[in-house]
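*Asks:* Below you'll find the structure I mean.
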Amino acid sequence: MSLLMILSEAAKGSFSSILQIAIIVIPLMVFIEILIDLKLLDKLTAVLVPLTRIFNISQHASLPLMAGMVFGISYGGGIIINAAREGKLDYREIYLVNLFLIICHSLFEDTFLFAAIGAQWIPVLTVRIILAVLICFLFSRYTRGNQIKQKTVSRLRDVPN
Amino acid sequence: MLTISTFKRGISNGLNITWELAKVVVPVYFAVTFLKYSPVLPWLSSLMSPMMQIVGLPGEASMPLILGYFINIYAAIGAILPLGLDSKEITIISAMLLMAHSLPIETAVSKKTGIRVVSIVIIRVVLSLLVGILFAVLLHTGSYEKLF
(Lines give C-alpha, C1' and ligand atoms only; values in the text may rest on other atoms or scores of the structure.)
Protein backbone atom coordinates (compact mmCIF):
# COMPACT_ATOMS: atom_id res chain seq x y z
CA MET A 1 0.00 0.00 0.00
CA SER A 2 1.67 3.19 -1.13
CA LEU A 3 1.24 6.49 0.63
CA LEU A 4 -0.51 7.89 -2.40
CA MET A 5 -3.10 5.11 -2.38
CA ILE A 6 -3.78 5.65 1.33
CA LEU A 7 -4.21 9.39 0.76
CA SER A 8 -6.55 8.88 -2.14
CA GLU A 9 -8.60 6.30 -0.22
CA ALA A 10 -8.97 8.73 2.70
CA ALA A 11 -9.80 11.67 0.42
CA LYS A 12 -12.41 9.79 -1.60
CA GLY A 13 -13.90 8.11 1.45
CA SER A 14 -14.19 11.23 3.57
CA PHE A 15 -15.53 13.34 0.71
CA SER A 16 -18.25 10.86 -0.23
CA SER A 17 -19.34 10.39 3.38
CA ILE A 18 -19.61 14.13 3.98
CA LEU A 19 -21.66 14.46 0.82
CA GLN A 20 -23.89 11.63 1.97
CA ILE A 21 -24.37 13.29 5.36
CA ALA A 22 -25.02 16.73 3.79
CA ILE A 23 -27.77 15.23 1.64
CA ILE A 24 -29.52 14.12 4.80
CA VAL A 25 -28.68 16.93 7.23
CA ILE A 26 -29.59 19.94 5.07
CA PRO A 27 -33.19 18.86 4.29
CA LEU A 28 -33.51 17.82 7.93
CA MET A 29 -32.59 21.30 9.16
CA VAL A 30 -35.06 22.85 6.69
CA PHE A 31 -37.68 20.48 8.12
CA ILE A 32 -36.93 21.63 11.68
CA GLU A 33 -37.17 25.31 10.64
CA ILE A 34 -40.54 24.53 9.06
CA LEU A 35 -41.65 22.94 12.35
CA ILE A 36 -40.60 26.10 14.19
CA ASP A 37 -42.29 28.54 11.79
CA LEU A 38 -45.52 26.58 11.65
CA LYS A 39 -45.50 26.68 15.48
CA LEU A 40 -45.56 22.90 15.49
CA LEU A 41 -42.95 22.74 18.25
CA ASP A 42 -45.53 24.23 20.63
CA LYS A 43 -47.85 21.38 19.71
CA LEU A 44 -45.01 18.93 20.20
CA THR A 45 -44.44 20.42 23.65
CA ALA A 46 -48.14 19.89 24.37
CA VAL A 47 -47.80 16.26 23.31
CA LEU A 48 -45.15 15.82 26.01
CA VAL A 49 -47.51 16.95 28.79
CA PRO A 50 -48.93 13.42 29.26
CA LEU A 51 -45.34 12.21 29.61
CA THR A 52 -44.78 14.62 32.49
CA ARG A 53 -47.90 13.16 34.10
CA ILE A 54 -46.53 9.63 33.77
CA PHE A 55 -43.33 10.79 35.45
CA ASN A 56 -45.34 12.68 38.05
CA ILE A 57 -43.49 15.93 37.39
CA SER A 58 -44.54 19.50 36.65
CA GLN A 59 -45.82 20.40 33.16
CA HIS A 60 -43.09 23.04 33.02
CA ALA A 61 -40.69 20.17 32.30
CA SER A 62 -42.22 19.61 28.86
CA LEU A 63 -40.42 22.58 27.25
CA PRO A 64 -36.84 21.51 28.16
CA LEU A 65 -37.77 17.93 27.25
CA MET A 66 -38.94 19.04 23.81
CA ALA A 67 -35.88 21.27 23.29
CA GLY A 68 -33.51 18.43 24.16
CA MET A 69 -35.31 15.89 22.03
CA VAL A 70 -35.39 18.14 18.96
CA PHE A 71 -32.20 20.23 19.25
CA GLY A 72 -29.98 18.04 21.42
CA ILE A 73 -28.22 18.80 24.66
CA SER A 74 -25.54 21.10 23.24
CA TYR A 75 -27.80 23.23 21.00
CA GLY A 76 -30.88 22.96 23.23
CA GLY A 77 -28.70 23.60 26.28
CA GLY A 78 -29.78 27.21 26.69
CA ILE A 79 -33.47 26.32 26.96
CA ILE A 80 -32.73 23.39 29.30
CA ILE A 81 -30.54 25.46 31.63
CA ASN A 82 -33.04 28.35 31.66
CA ALA A 83 -35.90 26.02 32.51
CA ALA A 84 -33.86 24.60 35.38
CA ARG A 85 -33.01 28.05 36.76
CA GLU A 86 -36.48 29.58 36.51
CA GLY A 87 -37.31 27.92 39.82
CA LYS A 88 -40.48 26.22 38.61
CA LEU A 89 -38.90 22.78 38.80
CA ASP A 90 -37.51 21.10 41.91
CA TYR A 91 -34.32 19.07 42.14
CA ARG A 92 -36.03 15.78 41.45
CA GLU A 93 -37.75 17.20 38.36
CA ILE A 94 -34.56 18.71 37.00
CA TYR A 95 -32.70 15.46 37.60
CA LEU A 96 -35.42 13.53 35.80
CA VAL A 97 -35.33 15.86 32.78
CA ASN A 98 -31.56 15.33 32.60
CA LEU A 99 -31.94 11.58 33.02
CA PHE A 100 -34.47 11.44 30.18
CA LEU A 101 -32.46 13.63 27.85
CA ILE A 102 -29.08 11.93 28.28
CA ILE A 103 -30.68 8.74 26.96
CA CYS A 104 -32.95 10.29 24.38
CA HIS A 105 -31.98 13.58 22.72
CA SER A 106 -31.30 15.19 19.36
CA LEU A 107 -33.60 12.55 17.95
CA PHE A 108 -33.70 13.84 14.38
CA GLU A 109 -30.07 14.71 13.76
CA ASP A 110 -28.39 11.82 15.60
CA THR A 111 -30.73 9.24 14.16
CA PHE A 112 -30.32 10.39 10.60
CA LEU A 113 -26.54 10.79 10.92
CA PHE A 114 -26.18 7.15 11.89
CA ALA A 115 -28.69 6.10 9.26
CA ALA A 116 -26.54 7.93 6.71
CA ILE A 117 -23.53 5.78 7.59
CA GLY A 118 -25.50 2.55 7.38
CA ALA A 119 -27.02 1.86 10.80
CA GLN A 120 -30.50 0.38 11.06
CA TRP A 121 -32.10 3.40 12.69
CA ILE A 122 -35.55 2.13 13.66
CA PRO A 123 -34.38 -0.36 16.32
CA VAL A 124 -31.81 2.11 17.66
CA LEU A 125 -34.38 4.90 17.98
CA THR A 126 -36.94 2.52 19.50
CA VAL A 127 -34.51 1.31 22.16
CA ARG A 128 -33.55 4.90 23.05
CA ILE A 129 -37.14 5.99 23.57
CA ILE A 130 -38.18 2.85 25.47
CA LEU A 131 -35.14 3.02 27.77
CA ALA A 132 -35.62 6.72 28.50
CA VAL A 133 -39.31 6.30 29.37
CA LEU A 134 -38.72 3.12 31.38
CA ILE A 135 -35.78 4.42 33.40
CA CYS A 136 -37.45 7.74 34.14
CA PHE A 137 -40.66 5.98 35.11
CA LEU A 138 -38.76 3.75 37.55
CA PHE A 139 -36.83 6.75 38.88
CA SER A 140 -40.05 8.70 39.35
CA ARG A 141 -41.72 5.82 41.28
CA TYR A 142 -38.61 5.32 43.39
CA THR A 143 -38.28 8.99 44.33
CA ARG A 144 -41.95 9.88 44.64
CA GLY A 145 -42.66 11.97 47.68
CA ASN A 146 -39.06 12.98 48.16
CA GLN A 147 -39.19 16.51 49.41
CA ILE A 148 -35.91 17.86 48.23
CA LYS A 149 -37.02 21.27 47.04
CA GLN A 150 -34.96 22.97 49.71
CA LYS A 151 -31.82 21.30 48.47
CA THR A 152 -32.44 22.50 44.92
CA VAL A 153 -32.88 26.08 45.92
CA SER A 154 -29.62 26.11 47.83
CA ARG A 155 -27.79 24.17 45.12
CA LEU A 156 -29.00 26.40 42.32
CA ARG A 157 -27.77 29.41 44.22
CA ASP A 158 -24.28 27.90 44.22
CA VAL A 159 -24.17 27.28 40.49
CA PRO A 160 -21.96 29.82 38.74
CA ASN A 161 -23.30 31.44 35.60
CA MET B 1 -45.79 31.32 8.90
CA LEU B 2 -43.58 29.85 6.21
CA THR B 3 -41.48 32.36 4.32
CA ILE B 4 -38.42 32.15 2.16
CA SER B 5 -36.34 32.85 5.25
CA THR B 6 -37.54 29.58 6.80
CA PHE B 7 -35.79 27.71 4.03
CA LYS B 8 -32.78 30.01 4.06
CA ARG B 9 -32.28 29.41 7.78
CA GLY B 10 -32.74 25.67 7.37
CA ILE B 11 -30.23 25.44 4.55
CA SER B 12 -27.73 27.63 6.36
CA ASN B 13 -28.10 25.55 9.56
CA GLY B 14 -27.68 22.38 7.53
CA LEU B 15 -24.56 23.74 5.82
CA ASN B 16 -23.22 24.85 9.18
CA ILE B 17 -23.64 21.40 10.69
CA THR B 18 -22.11 19.80 7.59
CA TRP B 19 -19.14 22.16 7.88
CA GLU B 20 -18.68 21.53 11.61
CA LEU B 21 -18.91 17.84 10.88
CA ALA B 22 -16.46 17.97 7.98
CA LYS B 23 -13.88 19.77 10.13
CA VAL B 24 -13.86 16.77 12.46
CA VAL B 25 -14.69 13.87 10.14
CA VAL B 26 -12.03 14.60 7.48
CA PRO B 27 -8.95 14.72 9.76
CA VAL B 28 -10.15 11.73 11.79
CA TYR B 29 -10.90 9.80 8.60
CA PHE B 30 -7.38 10.48 7.31
CA ALA B 31 -5.76 9.57 10.63
CA VAL B 32 -7.67 6.32 10.95
CA THR B 33 -6.97 5.34 7.32
CA PHE B 34 -3.24 5.80 8.03
CA LEU B 35 -3.49 3.82 11.25
CA LYS B 36 -5.32 1.07 9.40
CA TYR B 37 -2.27 0.43 7.21
CA SER B 38 0.20 0.85 10.09
CA PRO B 39 0.93 -1.70 12.83
CA VAL B 40 -0.93 0.49 15.36
CA LEU B 41 -4.50 -0.45 14.51
CA PRO B 42 -3.89 -4.23 14.33
CA TRP B 43 -2.11 -3.94 17.70
CA LEU B 44 -4.96 -1.95 19.28
CA SER B 45 -7.42 -4.34 17.68
CA SER B 46 -5.88 -7.47 19.21
CA LEU B 47 -5.52 -5.71 22.55
CA MET B 48 -9.18 -4.64 22.71
CA SER B 49 -10.63 -7.65 20.95
CA PRO B 50 -11.52 -9.68 24.09
CA MET B 51 -13.43 -6.72 25.58
CA MET B 52 -15.13 -5.72 22.36
CA GLN B 53 -16.28 -9.29 21.77
CA ILE B 54 -18.76 -8.80 24.62
CA VAL B 55 -20.65 -6.34 22.43
CA GLY B 56 -20.07 -8.28 19.22
CA LEU B 57 -17.62 -5.80 17.71
CA PRO B 58 -14.07 -6.21 16.38
CA GLY B 59 -11.23 -4.81 18.50
CA GLU B 60 -10.58 -1.83 16.24
CA ALA B 61 -14.13 -0.54 16.86
CA SER B 62 -12.90 0.53 20.30
CA MET B 63 -11.35 3.56 18.63
CA PRO B 64 -14.54 5.25 17.35
CA LEU B 65 -16.19 4.34 20.64
CA ILE B 66 -13.55 6.16 22.68
CA LEU B 67 -13.48 9.14 20.28
CA GLY B 68 -17.26 9.35 20.52
CA TYR B 69 -17.30 9.21 24.32
CA PHE B 70 -14.64 11.87 24.78
CA ILE B 71 -15.05 14.13 21.74
CA ASN B 72 -18.32 13.83 19.85
CA ILE B 73 -20.38 11.81 17.40
CA TYR B 74 -18.72 13.46 14.42
CA ALA B 75 -15.29 12.19 15.49
CA ALA B 76 -16.75 8.73 16.02
CA ILE B 77 -18.29 8.76 12.54
CA GLY B 78 -14.96 9.78 11.02
CA ALA B 79 -13.38 6.76 12.68
CA ILE B 80 -16.18 4.26 11.92
CA LEU B 81 -16.21 4.84 8.18
CA PRO B 82 -12.66 3.75 7.22
CA LEU B 83 -12.95 0.56 9.30
CA GLY B 84 -15.35 -1.06 6.84
CA LEU B 85 -17.73 -2.43 9.48
CA ASP B 86 -20.85 -4.26 8.29
CA SER B 87 -24.39 -3.03 8.82
CA LYS B 88 -24.90 -5.10 12.00
CA GLU B 89 -21.70 -3.80 13.55
CA ILE B 90 -22.54 -0.20 12.64
CA THR B 91 -25.96 -0.66 14.23
CA ILE B 92 -24.39 -1.95 17.46
CA ILE B 93 -21.84 0.84 17.68
CA SER B 94 -24.48 3.47 16.80
CA ALA B 95 -26.71 2.27 19.60
CA MET B 96 -23.78 2.34 22.05
CA LEU B 97 -22.65 5.79 20.95
CA LEU B 98 -26.13 7.25 21.15
CA MET B 99 -26.32 6.25 24.83
CA ALA B 100 -23.00 7.93 25.62
CA HIS B 101 -21.19 10.56 23.57
CA SER B 102 -19.67 14.05 23.90
CA LEU B 103 -19.48 13.30 27.60
CA PRO B 104 -17.41 16.39 28.57
CA ILE B 105 -19.69 18.84 26.72
CA GLU B 106 -23.06 17.33 27.49
CA THR B 107 -22.18 16.71 31.12
CA ALA B 108 -21.23 20.37 31.42
CA VAL B 109 -24.78 21.29 30.33
CA SER B 110 -26.27 18.88 32.88
CA LYS B 111 -24.05 20.38 35.57
CA LYS B 112 -25.30 23.87 34.73
CA THR B 113 -28.85 22.77 35.42
CA GLY B 114 -27.70 22.34 39.01
CA ILE B 115 -27.72 18.58 39.46
CA ARG B 116 -24.95 16.25 40.58
CA VAL B 117 -23.59 14.68 37.40
CA VAL B 118 -21.46 11.74 38.54
CA SER B 119 -24.45 9.40 38.50
CA ILE B 120 -25.47 10.74 35.09
CA VAL B 121 -22.09 9.85 33.55
CA ILE B 122 -22.07 6.40 35.16
CA ILE B 123 -25.60 5.71 33.93
CA ARG B 124 -24.66 6.72 30.38
CA VAL B 125 -21.58 4.51 30.18
CA VAL B 126 -23.32 1.52 31.80
CA LEU B 127 -26.32 1.92 29.46
CA SER B 128 -23.98 2.16 26.50
CA LEU B 129 -22.44 -1.21 27.39
CA LEU B 130 -25.80 -2.82 28.17
CA VAL B 131 -27.31 -1.62 24.90
CA GLY B 132 -24.25 -2.94 23.07
CA ILE B 133 -24.74 -6.36 24.64
CA LEU B 134 -28.47 -6.25 23.91
CA PHE B 135 -27.95 -5.45 20.23
CA ALA B 136 -25.11 -7.98 19.91
CA VAL B 137 -27.34 -10.73 21.31
CA LEU B 138 -30.35 -9.69 19.21
CA LEU B 139 -28.33 -9.42 16.01
CA HIS B 140 -26.31 -12.58 16.43
CA THR B 141 -29.09 -14.87 17.60
CA GLY B 142 -31.35 -13.81 14.76
CA SER B 143 -34.16 -12.81 17.13
CA TYR B 144 -33.59 -9.29 15.82
CA GLU B 145 -35.08 -10.09 12.40
CA LYS B 146 -38.29 -11.20 14.07
CA LEU B 147 -38.53 -7.99 16.07
CA PHE B 148 -37.82 -5.39 13.42
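*Asks:* I need the helices (runs of 4 or more DSSP H) fully contained in the stretch B:47-148, keeping only those with at least 2 residues that are farther than 21 Å from B:LEU21 by Cα, more than 11 Å from chain A (Cβ to nearest Cβ) and in contact with a Gly (Cβ under 9 Å, 6 or more places away or on another chain).
*Replies:* B:118-141
*Asks:* Could you identify the single residue in A:LYS39, A:LYS12 that is at positive phi and either surrounded by 19 or more Cβ atoms within 10 Å (Cβ to Cβ) or more than 8 Å from chain B (Cβ to nearest Cβ) (or both)?
*Replies:* Exactly one of A:LYS39, A:LYS12 is at positive phi and either surrounded by 19 or more Cβ atoms within 10 Å (Cβ to Cβ) or more than 8 Å from chain B (Cβ to nearest Cβ) (or both), namely A:LYS39.
*Asks:* Within the stretch A:70-91, can one find any residue that is touching a helix residue (DSSP H, G or I) at 6+ places or on another chain (Cβ under 9 Å), buried (at least 21 other Cβ atoms within 10 Å of the Cβ) and under 16 Å from B:ALA100 (Cα atoms)?
*Replies:* Yes, some residue in the stretch A:70-91 is touching a helix residue (DSSP H, G or I) at 6+ places or on another chain (Cβ under 9 Å), buried (at least 21 other Cβ atoms within 10 Å of the Cβ) and under 16 Å from B:ALA100 (Cα atoms).
*Asks:* Given the criteria in a helix (DSSP H, G or I), away from chain B (no Cβ under 11 Å) and either closer than 19 Å to B:LEU103 by Cβ or among the β-branched types (Val, Ile, Thr) (or both), does A:THR45 qualify?
*Replies:* The answer is yes for A:THR45.
*Asks:* Within the stretch B:59-71, is even one residue more than 15 Å from A:ASP110 (Cβ to Cβ) and more than 11 Å from the chain's Cα centre (by Cα)?
*Replies:* yes
*Asks:* Next up: For the stretch A:54-82, give me each residue that is more than 18 Å from A:CYS104 (Cα to Cα) and either touching a residue at least 60 places away in the same chain (Cβ under 8 Å) or part of a helix (DSSP H, G or I) (or both).
*Replies:* Result: A:ASN56, A:GLN59, A:HIS60, A:ASN82.
*Asks:* Also, quick follow-up: How many of the residues making up the stretch A:55-68 are under 17 Å from A:PHE137 (Cα atoms) and surrounded by fewer than 21 Cβ atoms within 10 Å (Cβ to Cβ)?
*Replies:* Number satisfying all stated conditions: 3.
*Asks:* Considering every residue within the stretch B:27-43, establish whether at least one is part of a loop (DSSP other than H, G, I, E, B), of a type outside the set (Gly, Ala, Ser) and surrounded by fewer than 19 Cβ atoms within 10 Å (Cβ to Cβ).
*Replies:* Yes, the stretch B:27-43 contains a residue that is part of a loop (DSSP other than H, G, I, E, B), of a type outside the set (Gly, Ala, Ser) and surrounded by fewer than 19 Cβ atoms within 10 Å (Cβ to Cβ).
*Asks:* A:LEU99 versus (1) surrounded by fewer than 24 Cβ atoms within 10 Å (Cβ to Cβ); (2) over 19 Å from B:ALA108 (Cα atoms): which is the lone unmet condition?
*Replies:* Going through the list (1) surrounded by fewer than 24 Cβ atoms within 10 Å (Cβ to Cβ); (2) over 19 Å from B:ALA108 (Cα atoms), A:LEU99 breaks only (2).
*Asks:* Of everything in the stretch B:118-148 that's modelled with pLDDT of 90 or more and among the hydroxyl-bearing types (Ser, Thr, Tyr), which residue is nearest to A:LEU125 (Cα to Cα)?
*Replies:* B:SER128
*Asks:* Let me ask something additional. With respect to the numbered conditions (1) over 21 Å from A:ILE6 (Cβ atoms); (2) under 16 Å from the mean Cα position of the chain (by Cα); (3) of a type in the set (A, V, I, L, M, F, W, C), which one is the sole condition not fulfilled by B:VAL26?
*Replies:* (1)
*Asks:* Need pairs with beta-carbon distance below 9 Å; first residue facing chain A (nearest Cβ under 7 Å) and over 11 Å from A:VAL30 (Cα atoms) and within the stretch B:4-33, second aromatic (Phe, Trp, Tyr) and crowded, with 18+ Cβ neighbours inside 10 Å; sequence gap 6+ or separate chains.
*Replies:* B:LEU21/B:TYR74; B:ALA22/B:TYR74; B:VAL25/B:TYR74
*Asks:* Pairs needed: first member in the stretch A:122-139, under 13 Å from B:SER128 (Cβ atoms); second member anywhere, in a helix (DSSP H, G or I) and polar (S, T, N, Q); C-beta distance under 6 Å; at least 6 residues apart or different chains.
*Replies:* Qualifying pairs under 6 Å: A:VAL124/B:SER94.
*Asks:* Can you pull out every residue in the stretch B:95-120 that is within 16 Å of the chain's Cα centre (by Cα) and crowded, with 17+ Cβ neighbours inside 10 Å?
*Replies:* Within the stretch B:95-120, B:ALA95, B:MET96, B:LEU97, B:LEU98, B:MET99, B:ALA100, B:HIS101, B:SER102, B:LEU103, B:GLU106 meet the criteria.
The values are calculated or read from the model by the stated rules, or taken from the named source; none is laboratory data. Everything numeric in this text was worked out from a predicted model, so none of it was measured. FYI the Cβ positions are ideal-geometry reconstructions off the backbone, even for glycines, and counts take in every protein chain you see.
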